[in-house]
1. Please list, ordered by first then second residue, the pairs with beta carbon atoms under 7 Å, 6 or more apart or interchain, first in region B:81-102 and surrounded by fewer than 17 Cβ atoms within 10 Å (Cβ to Cβ), second of a type in the set (G, A, S).
2. Filter region A:54-89 for residues that are under 24 Å from A:D245 (Cα atoms) and either of a type in the set (S, T, Y) or assigned to a loop (DSSP other than H, G, I, E, B) (or both) and give the result.
3. What do you reckon, is A:E187 surrounded by 19 or more Cβ atoms within 10 Å (Cβ to Cβ), over 16 Å from the mean Cα position of the chain (by Cα) and more than 29 Å from A:E77 (Cβ to Cβ)?
4. Please go through region A:52-69 and pick out each residue that is more than 15 Å from the chain's Cα centre (by Cα) and among the hydroxyl-bearing types (S, T, Y).
5. Are any residues in region A:85-121 more than 8 Å from chain B (Cβ to nearest Cβ) and under 12 Å from the mean Cα position of the chain (by Cα), and if so, which ones?
6. Which residue is nearest to the chain's Cα centre (by Cα), if the candidates are limited to region A:130-140 and must be more than 7 Å from chain B (Cβ to nearest Cβ) and not hydrophobic (A, V, I, L, M, F, W, C)?
7. Mind listing whichever residues of region A:110-140 are closer than 18 Å to A:K89 by Cβ and crowded, with 18+ Cβ neighbours inside 10 Å?
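The values are calculated or read from the model by the stated rules, or taken from the named source; none is laboratory data. These figures come from a predicted structure and were not determined experimentally. Here the Cβ positions follow ideal geometry from the backbone for every residue, glycine too, while neighbour counts run over all protein chains shown.
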Amino acid sequence: MQDEKTMDKLAEDKTTVNELAGDKIIKNELTGSELTESKITECELTGDEIIRYENAGISFGGKEVISDFSLCVLRGEKILLRGKSGIGKSTLFKMLLGFEKPSEGTLYYKGKPVNAQVAWEVRREVSYVSQDMDLGEGPVKNLLDEIFSYRPNREKRNPERLNSLMKEFELDQDILIKNFENLSGGEKQRIGILIALMLERDVFLLDEVTSALDSELKKKVVDHFLKHKNWTLFIISHDREWERDGVEIVEIGKDSLS
Amino acid sequence: MANPDISITSLILCFLLLTIPLVISYRMKLHIAWRTIYSVTRMTVQLFLAGIFLTFIFDLNSWILNLVWVGVMISFASYTAIKSADLNVKKLFMPIILAIAFSNLAVLLYLNKFVINLENLLDARYLIPIAGMLLGNTLRGNVVGIGDFYSDIKRNENRYLYSLSLGAGMYEAVLPYLRKSLKTAVKPTLANIASVGIVALPGMMTGQILGGASPLVAIKYQIAIMIAIYVSTLLSTTLGILTSFRTTFDEYGLVNKELYEKNA
């Protein structure tokens with residue numbers, strides 16, 4: 001039984017990859033590129049690749065979570081990753097940050113295969129917002145101070161920018177003196193987004209960052225991220241709000257693209 | 001000034017006291033009679049052996065032998081410390097043993113040289129009992145500190161990973177956990193220091209007073225020992241955790257999963 005399931009899953013994933021590849025090829029034709037073989041070469045040609053998965057797979061305790069996943073994210077692209085819960089979408093982000101190691105295939109960041117050294121580089125250059133924001137315990141202000149004490153972030157402390165972002169996302173000033181663990185899910189999410197924006201990086205891994213926000217705030221957040229043309233966004237979300245012009249939807253674990 | 005010896009007959013009279021716990025155990029069905037007999041027998045045998053051994057060591061008073069014996073004590077202490085912390089013994093043994101050895105010896109020698117003003121720093125009569133007292137206490141601090149540190153990181157894995165994703169170096173990311181576990185490790189020692197003399201007279205002081213020393217001398221020794229315990233506990237726990245990083249974290253800044261597999 002177990003084996004059958006795994007096989008089914010494998011087959012399913014394979015189809016998806018083919019579909020994905022197909023999608024990429026079409027895109028290529030549109031841009032006038034002559035290449036039709038594989039998206040991997042396409043990445044190399046266009047030059048400005050940020051993230052690339054090449055037949056990446058990972059299994060936990062013998063159970064395959066992701067297999068044969070290939071995808072390429074170019075500079076300035078906005079990619080929305082969709083698929084059922086538990087299919088391993090978050091794991092794709094974690095592999096890039098070096099929190100999980102692929103059991104097959106390779107990941108590339110800016111063309112370099114992700115090893116320990118590159119993983120540390122990703123952590124310094126990419127803004128990651130996780131779906132379960134856990135900053136720690138204690139007043140938000142202290143936790144922010146801690147983050148801006150990290151060496152790559154020391155220059156990024158900017159109270160005015162913090163103020164204007166807080167206003168934009170409807171957070172009161174007094175939230176800074178509240179204990180993070182007592183905040184609501186929506187407040188925690190906005191704090192996470194705020195931090196990601198404060199770090200002034202231009203590649204974002206956003207894992208369900210709008211799930212606990214009301215529709216008005218969802219819109220504000222999506223607006224903010226999409227208005228920067230040069231930002232590279234790699235998004236995991238079930239929110240329809242992200243499905244806008246210029247956002248490419250990649251469906252994983254399904255037979256067809258919707 | 002030596003205190004009168006306890007004769008074998010007197011010792012038997014002391015064992016007679018044990019009939020009280022045995023009777024209570026029997027009447028209340030505590031089922032600790034065998035446990036009592038086992039523990040007391042084991043203690044008696046161990047202490048008699050230790051007595052014979054220490055007499056031998058004190059008579060010889062060879063500094064090499066003294067150091068070797070302290071080394072054996074340290075190894076045993078470190079082993080017990082990690083074993084009771086539910087962590088993989090193999091991975092932590094070297095860092096802990098070095099941290100405990102360095103901190104305890106450093107504090108001990110400082111004490112012998114500058115506080116007690118010994119001519120022979122490695123005199124068995126001072127080295128071995130004081131090392132024993134320091135070890136007994138630093139051990140507890142290490143168990144608490146190291147166990148707390150690694151279990152806290154594991155419990156808050158997402159939080160730890162998130163700080164790495166924000167660009168924290170490994171040291172920056174573990175710092176909150178390090179601070180917390182060090183505070184937890186020395187908290188009982190600090191509380192103990194503050195209550196000494198009010199609640200109870202510490203064992204060493206009691207021993208010295210029974211041995212005929214004046215209380216005023218005994219308290220000075222006690223002060224020295226308490227400070228030494230505090231310093232070596234904090235120092236060895238700090239060094240222990242810091243030096244364990246090399247074997248417990250991988251190049252990605254993640255804790256090796258095997259660390260949490262006991263006896264792996």
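1. B:D86/B:G147
2. A:S70, A:R75, A:G76, A:E77, A:G83, A:K84
3. Against the criterion (surrounded by 19 or more Cβ atoms within 10 Å (Cβ to Cβ), over 16 Å from the mean Cα position of the chain (by Cα) and more than 29 Å from A:E77 (Cβ to Cβ)), A:E187 qualifies.
4. Scanning region A:52-69 gives A:S59, A:S67.
5. Hits for region A:85-121 are A:K89, A:S90, A:T91, A:L92, A:F93, A:M95, A:L96.
6. The qualifying residue nearest to the chain's Cα centre (by Cα) is A:Q131.
7. Correct list: A:V114, A:V122, A:V126, A:S127, A:Y128, A:V129, A:S130, A:Q131, A:M133.
Every residue, every condition in (1) buried (at least 20 other Cβ atoms within 10 Å of the Cβ); (2) within 26 Å of B:A101 (Cα to Cα); (3) among the small types (G, A, S); (4) touching a helix residue (DSSP H, G or I) at 6+ places or on another chain (Cβ under 7 Å), yes or no:
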position	(1), (2), (3), (4)
B:S163	yes, no, yes, yes
B:K180	no, yes, no, yes
B:A185	yes, yes, yes, yes
B:V196	no, no, no, yes
B:M205	yes, yes, no, yes
B:A213	no, no, yes, no
B:S232	yes, yes, yes, yes
B:S236	yes, yes, yes, yes
B:I241	yes, yes, no, yes
